[in-house]
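The values are calculated or read from the model by the stated rules, or taken from the named source; none is laboratory data. Keep in mind it's a predicted model, so treat the numbers as computed, not measured. When we count neighbours, we look across all protein chains shown, and the Cβ atoms used for this are built from the backbone with ideal geometry, even at glycine.
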Amino acid sequence: MNKRWKHTRNFKEVLQFFPTPEGYVKATPIGNANPDLPPTGYAYNYVFNYTDHLGNIRLSYTKDPQSGTLQILEENHYYPFGLRHEVYVTGSKRQHGFGNDGGGGDIDDVELINVLRTDYQYKYNGKELQDELGLDWYDYGWRNYDATIGRWMNVDPLAEHPNQVDKSPYAYAWNNPIYFIDPDGMVIESGSQKEFDKQTSRVIKERDKLQGKIDKLTSKAESKGWSAEKLAGKIGNMQERVSGLNDAIDGFRVLELSTQVFSLNPKASENSVSYDSSTGNVSINYNGTALFTHESVHAVQFHTGDIAFDTKNGGTVGQDVYDEISAYKAQWAYKPSSVGGLKSSSEVNSNWVQGITNPKTGDQPYRPGGTANTGIDRVNVNSTRDELIRAYPHLRDSLQSLPANATLKSIVPNIYGVK
């Protein structure tokens, strides 16, 4: 999820919100009474999301800038396949109440006041609700999902995969939405499946443990009347970690259903992902669950085309600092002490990554021009010459001689990646 903009009739962009690890920041335009003209500035309000174990955003709340009190912006509850409970949630049109005769014999429809419809429409599984034209579909990136019928509106692109052939290509989460979510798909080498299950179960267990602590604190806060600030202080970074682990678990699901075969090397001396030309497998090399979580992110990046491999040496191609930021954030979510005990994933930024130093050699592999050849700007297999120059300025002279329409996948002769 990126920043959200809307356009005025004069095609001027107006910022609506931008995401944070805990929720989002609502941007309210100020300084211009004409709605068709861009604002001269913004007022910013932090909004915090409470999410469950499936990534569903159940509650959004903020601090009222005028009264200083806690204000609930939206509360949602879901049936297993994602349809929202419409009787009592924020924004409902009606709820049932007793009649005015006092006898309780009649039940009237009571109109609820729809206090607020926010521009932030991320809800079930943390996905964006597309309510334009009354569709009420969720955007999952690859496909659109209709929670009313619990089915996709597009055929599964991996419908012919061996793990999928006995499933409907329109079925959501293998018809088990309490346990699974369904972002897209991947495959694990049969000999590595047991190890994969062990590592993923550890991550899920850590996520559930953190969520359990959050739930207990929330319940205690309600019974003791804690302020929102006190509750937030008690929860600390646990909600942020749960969110990060949910993203990692989504990635595991992607790897497990892919047409690419992944093999696991759990006792590697060097943590990495690499390509094995003898088998055609992508190897995930790690030592410990925290580093498994880290390297699995890179495996997913291969699936999305953010990185590729050189078949000649098996190393990665097209790696940039943002790929490493995502991987270290996932590692932090599982075990903060494994990345120096940082207090928040927001501390994992480009400066932090580029400053990582090998204690034995003193090498900084991710610095510009370092041994890991990590780009300073975003790169993928389709990046053009000029984009590659921005990412790898130390290679400007050699890249400048290439045609302007050259891409990474056309430059590297032995590249293996998503087509």
message: Just the residues that are at negative phi and without any contact (Cβ under 8 Å) to a residue 40 or more places away in the chain, please, taken from segment 50-78.
response: Arg58, Leu59, Thr62, Asp64, Pro65, Gln66, Ser67, Thr69, Gln71, Ile72, Glu75, His77
message: Here is a list: Asp108, Asp139. Which entry is modelled with pLDDT of 60 or more, surrounded by fewer than 18 Cβ atoms within 10 Å (Cβ to Cβ) and not polar (S, T, N, Q)?
response: Asp139
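Is at least one residue of segment 392-407 among the hydrophobic types (A, V, I, L, M, F, W, C) and in contact (Cβ under 8 Å) with a residue 24 or more places away in the chain? Let's see the steps before the verdict.
If we filter segment 392-407 for residues that are among the hydrophobic types (A, V, I, L, M, F, W, C), which is where we start, we get 395, 399, 402, 404, 406.
Those left that are additionally in contact (Cβ under 8 Å) with a residue 24 or more places away in the chain: none.
No.
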task: State whether the residues of segment 299-306 include one that is of a type outside the set (Lys, Arg) and closer than 20 Å to Lys194 by Cα.
output: yes
query: Out of curiosity, is Val381 at pLDDT 95 or above and either touching an Asp or Glu at 6+ places or on another chain (Cβ under 6 Å) or in a loop (DSSP other than H, G, I, E, B) (or both)?
result: no
query: Conditions: (1) crowded, with 22+ Cβ neighbours inside 10 Å; (2) aromatic (Phe, Trp, Tyr); (3) within 21 Å of Leu388 (Cβ to Cβ). Tyr286 meets all but one. Number of the miss?
result: (3)
task: Filter segment 374-388 for residues that are in contact (Cβ under 8 Å) with a residue 40 or more places away in the chain and surrounded by fewer than 18 Cβ atoms within 10 Å (Cβ to Cβ) and give the result.
output: Asp377, Arg378, Asn382
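Okay, residues lined up against (1) among the basic types (Lys, Arg); (2) on the phi > 0 side of the Ramachandran plot; (3) in contact with a Ser or Thr (Cβ under 9 Å, 6 or more places away or on another chain); (4) not assigned by TED's automatic domain parsing to the domain that holds Tyr24:
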| position | (1), (2), (3), (4) |
| --- | --- |
| Glu195 | no, no, no, yes |
| Thr200 | no, no, yes, yes |
| Glu206 | no, no, yes, yes |
| Asp215 | no, no, no, yes |
| Lys224 | yes, no, no, yes |
| Gly244 | no, no, yes, yes |
| Asp250 | no, no, no, yes |
- prompt: Do the conditions hold for Ser326, that is, is it small (Gly, Ala, Ser), modelled with pLDDT of 95 or more and out of contact with any Leu (no Cβ under 7 Å at 6 or more places or on another chain)?
  reply: yes
